[in-house]
1. Which is at pLDDT 85 or above, within 7 Å of chain B (Cβ to nearest Cβ) and away from DNA strand D (no atom under 16 Å from the Cβ), of A:S66, A:S130?
2. Have a look at B:T91, B:T76 and point out the one that is surrounded by fewer than 17 Cβ atoms within 10 Å (Cβ to Cβ), at pLDDT 95 or above and more than 6 Å from DNA strand D (Cβ to nearest atom).
3. Before we move on, is A:V96 within 15 Å of DNA strand D (Cβ to nearest atom), among the aliphatic types (A, V, I, L, M) and in contact (Cβ under 8 Å) with a residue 40 or more places away in the chain?
4. Looking at (1) away from DNA strand D (no atom under 14 Å from the Cβ); (2) facing chain B (nearest Cβ under 9 Å), which is the only condition A:I41 fails?
5. All but one of (1) at the interface with chain A (Cβ under 10 Å from one of its Cβ atoms); (2) farther than 28 Å from A:V50 by Cα; (3) within 13 Å of DNA strand C (Cβ to nearest atom); (4) among the polar types (S, T, N, Q) hold for B:T105; which doesn't?
6. Does B:L79 qualify as being within 21 Å of A:D137 (Cβ to Cβ) and either within 10 Å of DNA strand C (Cβ to nearest atom) or without any contact (Cβ under 8 Å) to a residue 60 or more places away in the chain (or both)?
7. I'd like the full set of residues that are touching a residue at least 24 places away in the same chain (Cβ under 8 Å) and either within 8 Å of DNA strand C (Cβ to nearest atom) or part of a loop (DSSP other than H, G, I, E, B) (or both), limited to segment A:54-76.
8. Say whether the condition of being crowded, with 16+ Cβ neighbours inside 10 Å, among the hydroxyl-bearing types (S, T, Y) and within 10 Å of DNA strand D (Cβ to nearest atom) is met by at least one residue in segment B:101-112.
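The values are calculated or read from the model by the stated rules, or taken from the named source; none is laboratory data. Bear in mind that the values here come from a model prediction, so they are computed numbers and not experimental data. When we count neighbours, we look across all protein chains shown, and the Cβ atoms used for this are built from the backbone with ideal geometry, even at glycine.
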2 protein chains.
Amino acid sequence: MVTITAAGASELGTRAKPAFSLDDLNPYADGCPSRRLLDRIGDKWTVLVVGTLDDGPRRFSDIRRSVAGISQKMLTQTLRGLERDGLVNRTVYAEVPPRVEYELTVAGTTLLAPLKALERWSIEHFGDVSASWELYDDTHADSAES
Amino acid sequence: MVTITAAGASELGTRAKPAFSLDDLNPYADGCPSRRLLDRIGDKWTVLVVGTLDDGPRRFSDIRRSVAGISQKMLTQTLRGLERDGLVNRTVYAEVPPRVEYELTVAGTTLLAPLKALERWSIEHFGDVSASWELYDDTHADSAES
DNA sequence: CCGGATCCTAACGGATACTG
DNA sequence: CAGTATCCGTTAGGATCCGG
């Protein structure tokens with residue numbers, strides 16, 4: 001199960017080139033696994049959670065405090081997903097009270113750069129976008145107003 | 001409405017610096033507008049749709065064909081949102097049959113770079129992640145197996 | 001302190017039918 | 001062709017209780 005076969009990989013058959021071209025798997029295709037990855041990244045909380053882990057390991061409650069508004073359920077779920085993706089390491093310390101630390105893996109660190117870029121973009125452009133909202137809501141006030 | 005006041009901006013009072021520091025608005029804060037932006041980006045389809053617009057204006061149905069699996073409802077919704085954000089320009093040609101073209105604005109183009117970076121990351125790392133999935137599902141088979 | 005299990009609601013999002 | 005409106009199933013996700 002979880003057949004990792006890349007789209008069209010089976011057609012390669014006896015081809016000498018084992019690695020498929022990057023162009024072969026485009027996220028725009030429906031079944032493509034890379035699409036699933038984008039979906040995960042597109043997850044509401046993943047960006048925020050990964051973002052908090054850029055300066056070393058952090059505890060569960062610590063992360064939870066950092067990401068305002070996240071519920072414990074969603075944090076657990078997000079962290080589990082990231083762990084399954086191999087982007088985050090989960091370390092349990094058998095103490096009382098229990099302590100669990102989460103840390104980006106090497107792969108997770110590579111994700112950090114694009115994610116931070118997005119975060120930066122959001123911060124830098126939120127002004128423009130807010131202005132655009134006003135303009136849009138103003139010019140389209142005829143269809144639906146307050 | 002849609003008060004653009006940055007968090008803590010009111011406290012600045014008579015400060016000579018009208019522009020707030022970028023550090024003042026972090027997407028991790030709950031009410032911060034930049035969070036809303038991240039949410040939009042985190043939308044399931046936005047990344048894909050914006051991605052298809054990187055080589056010039058495209059028609060509705062054209063985009064729809066490019067983004068496999070998107071429904072017409074979701075495409076409309078996504079495009080409307082992007083238009084409201086000022087990231088996409090919508091041009092209606094009064095013809096029969098009607099023709100509507102969508103094009104990235106300047107701001108939209110600035111988003112393209114981080115988005116493409118993410119897309120690239122997904123493609124490059126989906127192999128590692130898939131492998132991680134197998135490993136994870138294998139080692140955690142005790143809790144839930146087929 | 002960490003996080004699993006459950007319940008329950010709001011939304012997301014698809015299918016379809018209809019307008020210009 | 002582009003878009004709206006409606007219906008309706010699926011899921012995301014919050015609240016709460018519980019167990020390690």
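1. The unique qualifying residue is A:S130.
2. Only one candidate passes the filter, namely B:T91.
3. No; evaluated as a whole, the condition is false for this residue.
4. (1)
5. (3)
6. yes
7. Selection gives A:G56, A:P57, A:R59, A:F60, A:I70, A:L75.
8. Yes, that holds for at least one residue.
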